[in-house]
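Remarks on the structure that follows.
Derivation of every value follows stated rules applied to the coordinates shown; laboratory data play no part. Just so it is clear, the model here is predicted, and its values are computed rather than measured. Positions of Cβ are generated from backbone atoms using ideal geometry, with glycine treated the same way; all protein chains shown enter the neighbour counts.
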Amino acid sequence: MSKQINIAVSLRKQAPLLLLVIFLGVCTVWSSELLPVSAQRPAGSADTSTTAARNAALTAATEEVLKETSQIRELAVLRPVPSSAQSRAQIEQMILRNLDRNTKPGEMHAAEVTLKKLGLAPADFQYRPLVVRLLTEQVAGYYDPKAQQFHLADWIDADAQKPIMAHELVHALQDQHFNLRRFEKWPDGDSDAQLAAHALIEGDATLAMSQYIMKNPLRALGFLKSIAETGMASEELDKAPRALRETAQAKRARSGDRGRLA
């Protein structure tokens, strides 16, 4: 996956800031929802005895939200979308798999070296571990086009669950109609087209999610209440080098999204 930015001719193929934007917005191939970490319940808080009930409720909610987002997006549901709740450890494993699949070791190292050479990160900075920690902290749900399944983090506040589902299930509808996997592989030097495709896919899902929230005043109030009560803190983002931190924050500000980094 090509990540290029015009820093200088000699650094043309290294893009640490662009890498961060892509990883924050497209951790799995398409869209990982990101919420303020303080909006999340501590990992492992769910009692294992309630797992079956939780998954049954999630399945029912998935069907309900999929039907409504299908109407909003005007894309018919061609097949059911399996869903499950995942622990923080399971989400971390997903992130590692996708980093291994979508990047070369040299790319991550080059991004790290570039940040250090430009004076944007300290000498002991490690780029890949930061990306893994940040996404593990922040990912709240994702749609996997390879398995054609939706997964929700099992620590998410109830008021935030359905808006997340609406966003990710739009990706499921996109996949059913337009085959998102055809965008997985990009030729070297085509990062502009790659970002344009991601912007289209994410913008479509974000708009549909906004319409889903605003259709029901109580739904909107609940979502805003969840954000207002918990704030937008992110321990890992706060510890990141300033250049990366401000890149992520600027991306969130431009999107007008109070609760997510992407």
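Okay, here's what the table says:
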quantity	calculated
Gain in span if fully extended, ALA53 to HIS109, counting 0.36 nm per residue against the direct Cα distance	15.8 nm
Pairwise FRET efficiency - GLN148 versus ARG97, Cβ, R0 = 25 Å, nearest 0.05	0.95
Where labels lie 7 Å past Cα in the beta-carbon direction, separation of PHE125 and SER87 in nm	3.4 nm
Spacing of the two label points (7 Å from each Cα toward its C-beta) at ALA60 and LYS117, in nm	5.8 nm
Gained length - LYS185 relative to VAL77, 0.36 nm times residue gap less alpha-carbon distance	36.3 nm
Gain in span if fully extended, ALA199 to GLU235, counting 0.36 nm per residue against the direct Cα distance	10.3 nm
